[in-house]
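Asker: Here it is, the structure in full.
The values are calculated or read from the model by the stated rules, or taken from the named source; none is laboratory data. Owing to the predicted nature of the structure, the values given are computational and were not obtained by experimental measurement. Note that we place each Cβ from the backbone using ideal geometry, even for glycine, and neighbour counts take in every protein chain shown. Please note that ligands, DNA and RNA were not included when accessible areas were found on the heavy atoms of the full protein model with its side chains. Shrake-Rupley method; radii C 1.70, N 1.55, O 1.52, S 1.80 Å.
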Amino acid sequence: MKSTQCLEQIRPVWFSRVAASLFSNERIRQSFIEQADHFYNELIIAVDENDPSSLEPVLLEWIKNSSHSDNENRESILAPIANSIFLLIFEIARETFDDLDLENLFYNLLPIYSFANDYIYRHEMEYIVRRILLNVEQLNKASKMVNQSKTDFVSVAAHELKTPLTLLKGYTTMLNELLSVTDVQKQAEIYLNGIEVGYNRLLEIVNDLIDVSMIDNNILPIVYQPVWIHQLFSTIKLEIADISQDRNLNITIKNFPGSEEMSYGDGERLLQAFRKLIFNAIKYTPDGGMVIVDGRPLPGFVEITIKDTGIGIDPKDHLRIFEKFGRLGNPSLHSSGKTKFKGGGPGLGLSITKGIIEAHGGAIWVESVGYNEDTCPGSTFHVLLPMRKELPNDKTTLFSQWASMDINDHS
Ligand code: ADP
């Protein structure tokens, strides 16, 4: 009997035995069952043509499937399976055929068996090596980011924290020297004011660091209460009145549809978020520029936009600026000015803003065609905020989580 006929004859037995016994891995079993007929057809063609290459596509498909499976031990899992598949053919053939047919079949099948084993082993190893390299690359990236974060922290600590400390030290020394002078009143006021400025700046940075850490740990408390967006903006309007004059900026805050409707939210936190966005718009827009706050109602949400005619943001940085320490440019040039043109800061503001908006179930993103200090293409920050007509059921969850938190548990 021809070898191909022998193979046809034992096909049903082989199929039932192989499917029942071999595959503990459900994914490979499924893929095998789907392709078993195909594999067997190709095997018969390979035997008929005495050319094992017709098996390549089906073997490659198995390798791909098994490489996506949960093979974490980085060993070949398919080579032993392929080996067993062929051994089962030999075993069934031995039970079924006489010596002549058997010898003929073995003679034709052995080179194909050896080819398939070699092919699978080689390609599977290639896949495994590729995956290991990919893992190494990802680990490298993660470790670079951690290192960058550390460097950023050192740079923030060195610059942003040291500046107010130097202020405090300088003014305290001057105040001490002043104590020996008789008419101290006026000078003392100046120095005390300097100390207060340094103190306030330090407090702000420490508070930002605490906020960032609460956001990182998902424990930012949100105290829901009735909020009207236009009221939040009225507060900010008062705060920026002098600044817009000093910097000759045209700042418009519109009363858009939806802004006068009540919604539940944390008024203090939302004020903090919008204040940051408007102060940033001011900070990154040159004197004489424009800032427009507008919005529109959407089903269940309100969208607020803060648009400026400032220096803009390169699209490659649109995600990065929302990360902590995600400030752009040279950190040593930062001056900690809150409203001075390009008077950067520690780079925590937008990550806190994002954390606050997301804790409310909202979203924030930026739109800008690019960064250019000469042409000033501007930026538009979009905030999507849910309009909550009722208090959320889980309004106490964050609070209670926070209150009962074990400070050693960082999970
Ligand atoms: P910073 O304390 O440096 O202002 P932020 O987190 O508020 O930190 O912002 C991160 C970075 O995003 C800033 O350093 C700045 O480069 C960029 N940025 C934020 N807002 C604007 C804006 N309106 N126009 C241009 N760049 C902006």
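Asker: Using only the Cα atoms of region 288-331, construct the convex hull and provide its projected area averaged over every direction, in square nanometres to one decimal.
Answerer: 4.9 nm²
Asker: May I ask you to work out the translational diffusion coefficient for region 157-298 at 25 °C, viscosity 0.890 mPa s, via Stokes-Einstein with Rh from the Kirkwood sum over Cα pairs, reported in whole µm²/s?
Answerer: For these conditions, the coefficient is 133 µm²/s.
Asker: Expressed in whole Å with the largest first, what are the equivalent ellipsoid semi-axes of region 241-319 derived from the C-alpha gyration tensor as the square root of 5 times each eigenvalue?
Answerer: 24, 16, 12
Asker: Scaled to the compact-protein estimate 2.2 N^0.38 Å, what is the alpha-carbon radius of gyration of region 73-157, rounded to two decimal places?
Answerer: Relative to the rule-of-thumb radius for its length, region 73-157 sits at 2.07.
Asker: Stokes-Einstein at 25 °C, 0.890 mPa s, Kirkwood radius from Cα pairs: D for region 174-231 in µm² s⁻¹?
Answerer: 161 µm²/s
Asker: On alpha-carbon atoms, Rg over Rh for region 93-237 using Kirkwood Rh?
Answerer: On the way: Rg = 36.7 Å, Rh = 23.9 Å.
Reported Rg/Rh, Kirkwood definition of Rh: 1.54.
Asker: How far apart, in nm, are two points set 7 Å out from the Cα along the Cα-to-Cβ line at Ala142 and at Tyr107?
Answerer: According to this spin-label approximation, the distance is 5.7 nm.
Asker: What number does region 234-284 give for Rg over Rh if you use C-alpha atoms and the Kirkwood radius?
Answerer: Computed over Cα atoms, the ratio is 0.99.
Asker: Further, regarding this structure: If I histogram all Cα-Cα distances within region 137-202 using bins 10 Å wide from 0, what percent of pairs lands in each bin?
Answerer: 20, 30, 19, 14, 10, 5, 1
Asker: Taking 0.36 nm per intervening residue step and subtracting the Cα-Cα distance, what contour gain separates Lys316 from Leu133 on full extension?
Answerer: Additional length available on full extension: 63.3 nm.
Asker: Here is a further query. How big is the Cα convex hull of region 130-173 in projection, averaged over all directions, in nm²?
Answerer: Average projection, Cα convex hull of region 130-173: 2.6 nm².
Asker: Let me ask something else about it. Can you list the aspartates and glutamates whose alpha carbon is less than 13 Å from that of Lys144, not counting same-chain residues fewer than 8 positions off?
Answerer: The reachable aspartates and glutamates, counting only those whose Cα sits under 13 Å from Lys144, are Asp152.
Asker: If amide hydrogens are placed 1.01 Å from N in the peptide plane, which non-local residues have theirs closer than 5 Å to the one on Gly289?
Answerer: Under 5 Å from the amide H of Gly289 lie the amide H atoms of Asn250, each far enough along the sequence or on another chain.
Asker: How many nm is it between the label spots at Glu373 and Val197, if each spot is 7 Å from the Cα in line with the beta carbon?
Answerer: Computed distance between label sites Glu373 and Val197 equals 2.3 nm.
Asker: At Glu239 and Glu358, where each label point lies 7 Å from the Cα along Cα→Cβ, what is the point-to-point distance in nanometres?
Answerer: Placing both labels 7 Å beyond Cα along the Cβ direction yields 2.3 nm.
Asker: Can you pull the percent of region 176-264's accessible area that's carbon plus sulfur, 1.4 Å probe, other chains left in place?
Answerer: Its accessible area is 51 percent carbon and sulfur atoms.
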